[in-house]
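The values are calculated or read from the model by the stated rules, or taken from the named source; none is laboratory data. Everything quoted here is computed from the prediction, not taken from an experiment. Ideal geometry is used to build each Cβ from the backbone, glycine not excepted, and the neighbour counts take in all protein chains shown. Keep in mind that these areas ignore ligands, DNA and RNA; they rest on the heavy atoms of the full protein, side chains included. Shrake-Rupley method; radii C 1.70, N 1.55, O 1.52, S 1.80 Å.
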Amino acid sequence: MHYDYLIVGAGLFGAVFASEMKKRGKTSLVIDKRDHIAGNIYTKEWNDIHVHWYGAHIFHTSNKEIWDYVNQYAEFNHFVNSPVAVYGEELYNLPFNMNTFSRLWNVRTPKQAQEKIREQIANLHIEEPKNLEEQALSLVGTDVYEKLIKGYTEKQWGRDCKELPAFIIKRLPLRFTYDNNYFNDRYQGIPIGGYTKIVEKMLDGIPVILNMPYKEFIKKNKEKEKNADTFTKIVYTGMIDEYFNYCLGELEYRSLKFEHELVPGEENYQGNAVVNYTQREIPYTRIIEHKHFEFGKQQDTVITKEFPADWKKGDEPYYPINNEKNNALFQAYCRLAENEENVLFGGRLGQYRYYDMDKVIEAALAMVSQEDML
Ligand code: UDP
């Protein structure tokens, strides 16, 4: 058979692209190496609870078009992410806001909190933050940095905060109001019924082959000789360095290991969907209690401990490590990609970007528009 697109990866990027192309009368075949669709936003039902199988995903965006776009596929609830951070016996609200500061320093007004931070950074003389440590210190001072950022970040990324790019910490809001909403975005929520259903709907009527790594597919397809499927273009959402057989070297990623646990008879394990553990000595970064994403009233609960891990070939690559060295290598791969006729690279891995879900959808729609213009 001939298809307009072979889409490698049934995650959010591939699904948006495939569904948009279907609306335009174009055909796609989607393949995925996993045994399920939806990539890392996959939610698995366990005792009537939607478990975020590859880590917590909270949809948030400031882009109304994107919000309207996903709302075509699911109704979103009114969940607002307000994580709690545990440091030893102490408990703090996140993101860094007046609730955090008042607990930390017994201050009440924004001026008092700002003064406290000013005192703490006066001697540091950081003019232009060059790395995550300097960025964090210059924004929130030494106490917040030592208790809530340093340990968490270093275990999350397996690197010293001085070796990490400043932008990672800029993802987090810093506020001098009593507002525990983790995100600044206008729109936020969890899809009722889980994320897998969204991707299912996007891929409705589009053939999908699971348990099928790209290289194996290409090999098997070739073996079919005259009967082989043909494709006008390939949309590749896997690791760009893997696609090119690591010929210019390996990009670095950070991996995660998840320990999912059903706790029978426990209705409410931690009272919040997300609890961060900011001390270095605790091997996991956070515990997720999934039912709270959907205000669940089940008799049991499912929790997930999230352990950051080094990445080596064969592991799941969750986060690109966007430092100078890797970004330069990625650019070199992009130059190869430009010469790779009829292959487009997309998604967190194909574009080597620390994308949130809304940005993934934006990027997929942008690629669709580019295709429209040809
Ligand atoms: N972070 C932190 N302490 C926390 C939570 C986050 O220092 O309690 C920092 C850490 O560097 C992390 C970054 O903020 O890598 C981004 O956190 P986010 O929750 O956005 O990470 P994600 O949800 O993408 O894993």
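When each of the peptides 206-217, 93-104 is scored by how many other beta carbons lie within 10 Å of its residues on average, the order from highest to lowest is 93-104, 206-217.
How would Val84, Val144 rank on accessible area, largest to smallest, probe 1.4 Å? Intermediate values should be presented prior to the final figure.
Working: Val84 25, Val144 0 Å².
From most accessible down to least: Val84, Val144.
Largest accessible area first, the residues Glu119, Glu134 order themselves as Glu119, Glu134 under a 1.4 Å probe with ligands, DNA and RNA left out. Treating each Cα of the range 175-323 as an identical point scatterer and summing with the Debye formula, the log10 of I(q)/I(0) at q = 0.12, 0.15, 0.17, 0.18 Å⁻¹ comes to -0.85, -1.15, -1.27, -1.31.
When the Debye formula is applied to the Cα atoms of the chain, each taken as the same point scatterer, what base-10 log of I(q)/I(0) results at q = 0.08, 0.10, 0.14 Å⁻¹? The calculated log intensity ratios at q = 0.08, 0.10, 0.14 Å⁻¹ are -0.45, -0.70, -1.29. Rounded to the nearest 5, the antiparallel percentage of DSSP beta bridges internal to the chain is 60%. Estimated translational diffusion coefficient (Stokes-Einstein, Kirkwood radius over Cα pairs, 20 °C, 1.002 mPa s) of the range 240-374: 121 µm² per second.
Evaluate the Kirkwood expression for the hydrodynamic radius of the range 18-131, namely the inverse of the mean inverse distance over all pairs of different C-alpha atoms, and round to one decimal in Å.
Details: mean 1/r = 0.0513 Å⁻¹.
Radius from the Kirkwood sum: 19.5 Å.
Put a plus charge on the Cβ of each Lys and Arg, a minus charge on the Cβ of each Asp and Glu, and nothing anywhere else: the dipole of the range 141-272 about its Cα centre is then about 480 debye. In this structure Phe76 has an accessible area near 20 Å², from a 1.4 Å probe over the protein heavy atoms.
Largest first, how would His50, His78 line up by accessible area (1.4 Å probe)? Could the numbers behind the result be given before it?
On the way: His50 30, His78 135 Å².
Descending accessible area places them as His78, His50.
Here the spin labels are modelled as points 7 Å beyond Cα on the Cα-Cβ line, and at Arg280 and Tyr246 they lie 2.9 nm apart. First measure r as the distance between the Cβ atoms of Asn77 and Gln299, then evaluate 1/(1 + (r/R0)^6) with R0 = 25 Å and state the FRET efficiency to the nearest 0.05. Calculated value: 0.75. How many percent of the alpha carbon pairs in the range 147-218 exceed a separation of 13 Å? Counting pairs separated by more than 13 Å, the tail of P(r) holds 80 percent. So if we plug the beta-carbon distance of Glu341 and Arg103 into 1/(1 + (r/R0)^6) with R0 = 35 Å, what FRET efficiency do we get, rounded to 0.05? According to the calculation, E is roughly 0.05.
Computing Rg and the Kirkwood Rh from the Cα coordinates of the range 209-274 gives a ratio, Rg/Rh, of 1.23. Rounded to the nearest 20 debye, the dipole size of the chain about its Cα centre is 300 debye, using +1 on the Cβ of Lys and Arg and -1 on the Cβ of Asp and Glu. Of all aspartates and glutamates in the structure, the ones whose alpha carbon falls short of 20 Å from that of Lys64, not counting any fewer than 8 places away in one chain, are Glu20, Glu75, Asp185, Asp356, Asp358, Glu362.
Are any of the pairs Lys33/Lys222; Lys219/Lys305; Lys26/Lys219; Lys22/Lys312; Lys44/Lys359 more than 26 Å apart by Cα-Cα distance, and if so, which? Mind showing how you got there, number by number?
On the way: Lys33/Lys222 18 Å; Lys219/Lys305 38 Å; Lys26/Lys219 24 Å; Lys22/Lys312 36 Å; Lys44/Lys359 23 Å.
Lys219/Lys305; Lys22/Lys312, as the Cα separations exceed 26 Å there.
The aspartates and glutamates whose alpha-carbon is closer than 20 Å to the alpha-carbon of Lys111, local same-chain residues fewer than 8 away aside, are Glu119, Asp143, Asp179.
Of the peptides 164-171, 124-131, 327-334, how do they stack up when ordered by the mean number of other Cβ atoms within 10 Å, highest first?
On the way: 164-171: 17.2, 124-131: 11.6, 327-334: 15.4.
For the peptides 164-171, 124-131, 327-334, the packing ranking is 164-171, 327-334, 124-131.
For the range 203-304, with only Lys/Arg (+1) and Asp/Glu (-1) charged at the beta-carbon, what is the dipole magnitude about the Cα centre, in debye rounded to 20?
Rounded to the nearest 20 debye, it is 480 debye.
Taking all protein chains as they are arranged and a probe of 1.4 Å, the heavy atoms of Thr230 leave approximately 70 Å² accessible to solvent. Name the residue from Ala273, Leu256, Pro283 whose Cα lies farthest towards the positive end of the charge dipole of the range 237-291, charges +1 on Cβ of Lys and Arg and -1 on Cβ of Asp and Glu. Ranked along the dipole, the leading option is Ala273.
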